[in-house]
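So the structure is just underneath, and the comments pick up after that.
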Amino acid sequence: MNVLNHPDLKKVPFLVLFDKNKENIESSIEEFRKKLASLNDIIYNTQFIDFSESGISMLNCGIDWLAEVMKPII
């Protein structure tokens, strides 16, 4: 999490993927969100997908969000 405190990364959006088939994923997600909440100006989105072949197509939703919020690097 310390890398997200770097001033150059404060406004860079990132997408966090969680495997919805993993056991006890809810507690891991909650812990991760608590850590992110303590950081300021972090732009992120979470997505739950099935990493099997049938679920990979859902990744497009997250990529679409990332493309919308990403700003060009100058």
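The values are calculated or read from the model by the stated rules, or taken from the named source; none is laboratory data. Quick caveat: nothing in here was measured; it's all calculated off a predicted structure. Please note: Cβ atoms are built from the backbone with ideal geometry, for glycine as well, and neighbour counts cover all protein chains shown. Keep in mind that these areas ignore ligands, DNA and RNA; they rest on the heavy atoms of the full protein, side chains included. Shrake-Rupley method; radii C 1.70, N 1.55, O 1.52, S 1.80 Å.
Results for (1) in a helix (DSSP H, G or I); (2) of a type in the set (A, V, I, L, M); (3) touching a strand residue (DSSP E or B) at 6+ places or on another chain (Cβ under 6 Å), shown as yes or no for each residue.
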| residue | (1), (2), (3) |
| --- | --- |
| E23 | no, no, no |
| E30 | yes, no, no |
| N40 | no, no, no |
| N45 | no, no, yes |
| L66 | yes, yes, yes |
| P72 | no, no, no |
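Which residues, counting only those in region 47-64, are touching a residue at least 24 places away in the same chain (Cβ under 8 Å), of a type in the set (A, V, I, L, M) and in a helix (DSSP H, G or I)?
Selection gives L59, I63.
Quick check, is F32 surrounded by 10 or more Cβ atoms within 10 Å (Cβ to Cβ), without any contact (Cβ under 8 Å) to a residue 60 or more places away in the chain, in contact with a Lys or Arg (Cβ under 6 Å, 6 or more places away or on another chain) and closer than 16 Å to L15 by Cα?
no
For region 35-48, name all the residues that are surrounded by 13 or more Cβ atoms within 10 Å (Cβ to Cβ) and in contact with a Lys or Arg (Cβ under 6 Å, 6 or more places away or on another chain).
Selection gives F48 alone.
Of all residues in region 1-29, count the ones that are open to solvent by 90 Å² or more (accessible area, probe 1.4 Å), out of contact with any Asp or Glu (no Cβ under 9 Å at 6 or more places or on another chain) and over 29 Å from P72 (Cβ atoms).
Count: 4.
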